[in-house]
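One structure is given below, encoded as structure tokens.
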2 protein chains.
Amino acid sequence: MLEQDHTGGQLYFDDLTIGQRFTTGSHALDAAQIIAFARQFDPQPFHLDDAAARQTLFAGLAASGWHTAAISMRLLVESGAPIVGGILGAGGELNWPRPTRPDDVLHVESEIVEMIPSRSRPNRGTVIMRNETMNQRGEVVQVFVARMIVPRRAGSGDAQSNE
Amino acid sequence: MLEQDHTGGQLYFDDLTIGQRFTTGSHALDAAQIIAFARQFDPQPFHLDDAAARQTLFAGLAASGWHTAAISMRLLVESGAPIVGGILGAGGELNWPRPTRPDDVLHVESEIVEMIPSRSRPNRGTVIMRNETMNQRGEVVQVFVARMIVPRRAGSGDAQSNE
């Protein structure tokens, strides 16, 4: 799928359907980025130094999972589903099935798996989106099943509901 | 609870018990940090500019949830449970019940909620740890129920298991 323009997304809750898919552009990682993020937020040997990382479960330098998550967010914001008002997550289930490595080229493939209109707030709904972050070999390095808050078109909500 | 020394954690799976709690030191946030993180990883108006954020659901500048997560990780690594080999997460359930704001002072309170020895790998186990990130008013801004991989003491695993 082609990259989306991230500026001023136009999709409302009412424009989305279960099974709809979106694919982001890509981001090329390197050891310097991995180490810079780790120094700031996750200063552990396996994220800071390749030689030290070889002595650990990671068997070599690996990005902090939070770095993979942050890069994935950047990709979603810039070239993921162009949702009106932006990408607004309330949380979700996060998995890192394998490490992200220096020289990995990452992209995110998203699929809408559930849509829950709000009863109390007819101007929005919750969209469950499964976001798989993949490397250049198509291996999944992160799965984030996100609960997103998505605006509804004016007048499209249940008229019986009260805000 | 007092801060822990993060260098060379000494707790193995076998030293941990359900209900055990740990409290980290604190981190003072400010608008500059929020904006710097957002520029790099989550460039959306509500994370970049207070005036723009007032027009959104956030009603004022708020940190990216991934920034809250990254700060929480730094706190856990530096002063959370001193686990041998470091803080090694496989994933977990992430929730952001309220925004993190400029001038928030964050800390993390952790509790071990489940412990699962590995059958196939007697040298490690999975520990489920509930990590609540709180602001200076004791309000929870993030809950991360993490699945952590924790080493076992040599010889403490099930002798009948095979690696």
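Values in this text are rule-based calculations from the coordinates and carry no lab data. The model shown is predicted, which means the values in this text are computed figures rather than measured ones. Backbone-built Cβ (ideal geometry, glycine too); neighbour counts: all protein chains shown.
From largest to smallest, what semi-axes in whole angstrom does the range B:13-151 give when each is the square root of 5 times an eigenvalue of its alpha carbon gyration tensor? All intermediate terms of the calculation are to be shown ahead of the outcome.
Details: eigenvalues 205, 39, 29 Å².
Computed over the range B:13-151, the values are 32, 14, 12 Å.
Strictly greater than 12 Å: what percent of every Cα pair in the range A:102-146 meets that? Working shown, then result.
Values: 634 of 990 pairs.
Result for the distance tail: 64 percent.
Hey, what number do you get for chain A at 222 nm if only DSSP H runs of n ≥ 4 count, each worth -39500 (n - 2.57), divided across all residues, to the nearest 500?
Numbers: 4 runs with 35 residues, N = 163.
It comes out at -6000 deg cm²/dmol, rounded to the nearest 500.
Using a cut-off of 15 Å between beta-carbons, work out the net charge of the residues near B:Arg39 (Lys and Arg +1, Asp and Glu -1, B:Arg39 not included).
On the way: positive: A:Arg74; negative: A:Glu78, B:Asp30, B:Asp42, B:Asp49, B:Asp50.
Counting the neighbours of B:Arg39, the net charge comes to -4.
In square nanometres, what is the average projected area of the Cα convex hull of the protein assembly as shown? Numbers along the way, then the final one.
Values: hull surface 71.0 nm².
Spelled out: convex hull of the Cα atoms, projected over all directions, averaged, 17.7 nm².
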